[in-house]
1. Highest GNM mean-square fluctuation, the chain, Cα pairs closer than 10 Å: which of Ser57, Ser163, Ser271?
2. In whole percent, what relative contact order does region 266-423 give with Cα contacts below 8 Å and a gap of six or more residues?
3. Roughly what % antiparallel, to the nearest 5, for the DSSP beta bridges in the chain?
4. Given a Förster radius of 25 Å and the C-beta distance between Asp193 and Thr94 as r, what FRET efficiency does 1/(1 + (r/R0)^6) yield to the nearest 0.05?
5. Which of rounded, prolate or oblate describes region 266-423 when judged by the alpha-carbon gyration tensor and an a/c cut-off of 1.5?
6. Helix-derived [θ] at 222 nm for the chain: sum -39500 (n - 2.57) over DSSP H runs of at least 4, divide by residue count, nearest 500?
7. Rounded if a/c is under 1.5, else prolate if a/b beats b/c, else oblate: with a ≥ b ≥ c from the C-alpha gyration tensor eigenvalues square-rooted, which is region 105-198?
8. Which of the chymotrypsin sites (Phe, Trp or Tyr not before Pro) across region 1-99 are loop residues per DSSP, with 16 or fewer other Cβ within 10 Å?
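No value in this document is a laboratory result; all are computed from the given coordinates. This structure is a prediction, so every number in the text was calculated from the model and none was measured. Cβ: placed from backbone, ideal geometry, glycine included. Neighbour counts: every protein chain shown.
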Amino acid sequence: MKNCAIVGINWGDEGKGRMVDLLTEDYDVVVRYQGGGNAGHTVINEFGKFALHLLPSGIFRKGTMNILGNGVALDPENLLREIRQVREKGVEITPENLMISERASLLLPWHRELDGLEEKRLAGKKFGSTKQGIAPFYSDKAAKKTVLAGELFYPEELREHLSDLLEWKNLTLEKVYSARPYTMIYLEQWLKDYCEPLMPFIKNTSAWLRDADNAGRKILFEAQLGALRDLDYGIHPYTTSSNPIAAYAPVGSGYPKAKLDRVIGVVKAYSTCVGEGPFVSEIFGEEGDALREAGQEYGAKTGRPRRVGALDLVATRYGVEMQGATEIALTKLDVLSYLDEIPVCTKYLVDGKETEDFPFPTALKNAKPVLVTVPGWHQDISGVRRFEDLPKAAQDYVLMIEKGTGCFVKYVSVGPERESIIER
Ligand code: GDP
């Protein structure tokens, strides 16, 4: 089993960061293949607690190479800040353990600004953007209106390219949003302050990955967000602007011929969803508040309270399928320990008909959850390390997920710390 992707099965925030942190020990290389600074992976280890937005979670392991692939929205300002913060806790970050693909596009200063301007224009109809410039960035990438990181090594051509982009983007800023235009002087300073310090990390990572793969080194692909936020397969238009599905990992990593031997789908023991959009199994009121508190469900990037809900087997089955998950890592089972009985959504009711299939996005707003309740275990399980030592009701909960998704639950996480894990 050589290469592996760790991906989110649901709406994101499933606990992928803690799984990658745990499993990097077995891998030589960790690659981020999509997304940008718009979400955060929380990792707790011997260096402290971190919310990683851009850095691959393998950055804490000695001897692990971390790569930001071409599919990533490379936000120089955020990345530099993150490198500084992680270094301050005693973690070494050098070109020996971090590389940036020369083919990654730079998230330019106006992308973040445009995100805010567009959400303001949409007002009541907003999509719940994290305002990190991700949607404007990926739109411009598809329109070939971004700059590749490797262009930093060609200063003359870069300035001409940037000046063309500036002229074009200022039209939108001034005419559509009545915003202030950017100047070349501003961009020159931005290049100096935020891009030049990154240059030692920028490499031909495709060639490096090819050589690493040929040498038998094991590669871990790390995703951001989850299947339901996938640009093509998610809850359109409340998705992100990239593809968190595992099938995209080879493309966005810079090594398109990579083979995935394992796809670990991370599922939370209940549901959470940040921002707008349909969320069928949502729990409101006091019950919702209690679950949010128990799971400390507040956004890693924005601090926004997350919407919470019952485990949704319809969405989870769909996520497992879209990800091609070969196994599940179930996280936060310990959070449910306070409940006497646990609600689970097994089907949806759409226009009076029960279905186990995840509906077309437009139909989702009419979907109602069909809920069952299963017994809770009502005892602390955070110290358990063997499946057979879990209370019977907790074992049954895990087996129900396995049956409902048709996918083996290989890991059960019972706490945020690296060692709080049961492996089956
Ligand atoms: P990610 O983006 O998928 O990595 O998820 P986040 O980092 O946004 O959210 C996961 C949160 O749950 C973090 O605060 C983790 O420390 C925490 N966490 C992960 N696994 C567990 C677990 O098994 N139990 C508990 N109590 N917390 C966990």
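1. So, out of Ser57, Ser163, Ser271, the one fluctuating most is Ser163.
2. Computed value for region 266-423: 25 percent relative contact order.
3. Percentage antiparallel, nearest 5: 45.
4. After rounding, the FRET efficiency stands at 0.80.
5. Here region 266-423 falls in the prolate category.
6. The per-residue figure over the chain is -8500 deg cm²/dmol.
7. Cα axes put region 105-198 in the prolate bin.
8. Phe47
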